[in-house]
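All remarks here apply to the structure that follows.
The values are calculated or read from the model by the stated rules, or taken from the named source; none is laboratory data. Keep in mind the model is a prediction, meaning the values are calculated, not measured. Here the Cβ positions follow ideal geometry from the backbone for every residue, glycine too, while neighbour counts run over all protein chains shown. What goes into the accessible areas is simple: the full protein's heavy atoms, side chains included, and nothing from ligands, DNA or RNA. Shrake-Rupley method; radii C 1.70, N 1.55, O 1.52, S 1.80 Å.
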Amino acid sequence: MALGSTEATSDKTGNRTCPAGPGVRAAAARRRAGLLGTDVEPGTPGTGSAWRWLFSGVWLIYLISPVVDLFHHGGALWIAGGLVITVAFCLIYVLVLMYHDERPRLALAGLVSIAALATLACVVYGNAWTPMWIYVSVATGMVLVSVAGRRAAFLGVLVIGVCYLFFCWISHLDIGTTLAVLLPVVLIGLAMIGFRMQMTLMHELAQARETVAKLAADEERLRLARDMHDLTGQSLSMITLKSELAAKRLARLPSSAERDAVLTELGDIGRVSRQTLHDIREAVSGYHRPTLAIEVITARDALAAIGIEPDDDAGLTLRSGTFDPDAEAVLAWCLREAVTNVVRHSRARHCRIRLTDHRGELSLEVTDDGRGLAGQDPQHLEGSGLHGMSERLSAAGGRLSLGWAEPGRGLRLTATIPA
């Protein structure tokens, strides 16, 4: 890799930042729309409309028993209070199930709300309302897996079970009924955790299938490009050479109108063959446009081959092909260059590769725990061949930043580009 110097300025963190050049503002003004979401197959669980969760709301019909019990005790205010609690509980419960994927934090607030409503109902209206904790357990299993993970969801369901037992105790519910309802409170909540995790796994599997299909398509394009170049390139080059040779030999013959016409035709043949060869090479170079999915696999193999442990982000593969191809090509070139530097100069044991999205910009970060680039201070890198990387980023409206991975050790390279 050719090594050259680059001019730089320092940002507020002390990192060395390669300037994006005079074309940055113009290129930034031509930014495309934000990143596209990763699509999966329509039949994948968890990918349908939020209204599919209304089916879960059907089971709220079992709250009809405590609602009917309201009309057997108390006056109008007593009945109105119970109906308000019931309607609010049902509405929030259905909304939590509908939007726990799209708005997990809001769903968490909804979960707290229905738990508070269940508490209020049990305290004010007694043990007839303790089955509400079954629905709270269902929402807990669905929401907490998305927000805090499997372990927190498991503990959350157990806490809901304890709350149920507590309110059964203070409302003097008989032991048989308590235990009969305890089973669905705990088991249905745990079942919802498993159901939610299965949905997540199916979603990831569908994404993995799409990635494999994309990699297979890229491999087929590369094979087709090689075959096109090998089969036609040599033949077209031979046609061009033969036409030029024939034109030179004809030029030695006595001048005549027929000879000049033949020379013109041969010249046209040569021009057409050269143009066709040029077009084929352009097409082949287009097929060879690098992608993050391909480069991260190559980087992983190159690092592992010399004993450097790679730590790459799954987002590098999943996000490949979901944003501007030109921007991805630039980041792919930067990844190739950065990993080559790590392999040749760092003497590192670990290399970390991450892709992040922030405010309409994609940042590729490559970090190693070696001696820095060729043992030099990242603030004063000499002959480090990053000039070409900086130029590519500048042309696309991006920038390059360098800094220590840790104080006095390793190198952190960050390539940022508009998404």
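Is there any pair linking a residue in segment 395-419 that is charged (D, E, K, R) to one that is not in a strand (DSSP E or B), with Cβ under 7 Å and at least six apart or on different chains, and which?
Arg399/Ala20; Arg399/Leu393; Arg409/Asp369; Arg412/Trp404; Arg412/Ala405
Taking segment 320-353 as the search range and keeping residues that are among the charged types (D, E, K, R) and farther than 16 Å from Gly398 by Cβ, which one is surrounded by the most Cβ atoms within 10 Å (Cβ to Cβ)? Break it down stepwise before answering.
Taking segment 320-353 first, the residues among the charged types (D, E, K, R) are 324, 326, 328, 336-337, 344, 347, 349, 352.
Narrowing further to those that are farther than 16 Å from Gly398 by Cβ: 344, 347, 349, 352.
On the way: Arg344: 14, Arg347: 15, Arg349: 11, Arg352: 18.
Filtering first and then ranking leaves Arg352.
Restricting segment 127-162 to residues that are open to solvent by 20 Å² or more (accessible area, probe 1.4 Å) and outside any helix (DSSP H, G or I), which is farthest from Leu83 (Cα to Cα)?
Gly149
Report those strands (runs of 3 or more DSSP E) wholly inside segment 273-386 carrying at least 3 residues which are within 17 Å of Ala415 (Cβ to Cβ), within 27 Å of the chain's Cα centre (by Cα) and at pLDDT 85 or above. Give the steps one after another, and end with the answer.
Details: elements: 309-312, 350-358, 361-368.
Once the strands (runs of 3 or more DSSP E) in segment 273-386 are filtered for at least 3 residues that are within 17 Å of Ala415 (Cβ to Cβ), within 27 Å of the chain's Cα centre (by Cα) and at pLDDT 85 or above, what remains is 350-358, 361-368.
For residues that are within 16 Å of Glu391 (Cβ to Cβ) and aromatic (Phe, Trp, Tyr), tally how many sit in segment 301-342.
Total satisfying the criteria: 1.
If a residue must be out of contact with any helix residue (DSSP H, G or I) (no Cβ under 6 Å at 6 or more places or on another chain), more than 30 Å from Asp279 (Cβ to Cβ) and charged (D, E, K, R), how many such residues does segment 195-236 contain?
3
Name the one entry in Ser171, Ser256, Ser243 that is loosely packed, with under 11 Cβ neighbours inside 10 Å and either of a type in the set (S, T, N, Q) or at pLDDT 85 or above (or both). Spell out the reasoning first.
On the way: Ser171 fails: loosely packed, with under 11 Cβ neighbours inside 10 Å; Ser243 fails: loosely packed, with under 11 Cβ neighbours inside 10 Å.
After ruling out the rest, the residue left standing is Ser256.
So which residues in segment 163-206 are more than 19 Å from Leu120 (Cα to Cα) and not in a helix (DSSP H, G or I)?
Asp174
Which number in (1) of a type outside the set (A, V, I, L, M, F, W, C); (2) surrounded by 15 or more Cβ atoms within 10 Å (Cβ to Cβ); (3) at pLDDT 75 or above marks the one condition that Ser56 misses?
(3)
Where residues in segment 211-237 are without any contact (Cβ under 8 Å) to a residue 60 or more places away in the chain and under 18 Å from Ile297 (Cα atoms), which of them is farthest from the chain's Cα centre (by Cα)?
Arg223
Show the residue pairs meeting these rules: Cβ distance below 9 Å; 6+ apart or different chains; first residue within segment 164-192 and farther than 27 Å from Leu144 by Cα; second residue open to solvent by 70 Å² or more (accessible area, probe 1.4 Å).
From residues that are farther than 27 Å from Leu144 by Cα, the pairs are Ile170/Val123; Ser171/Val123.
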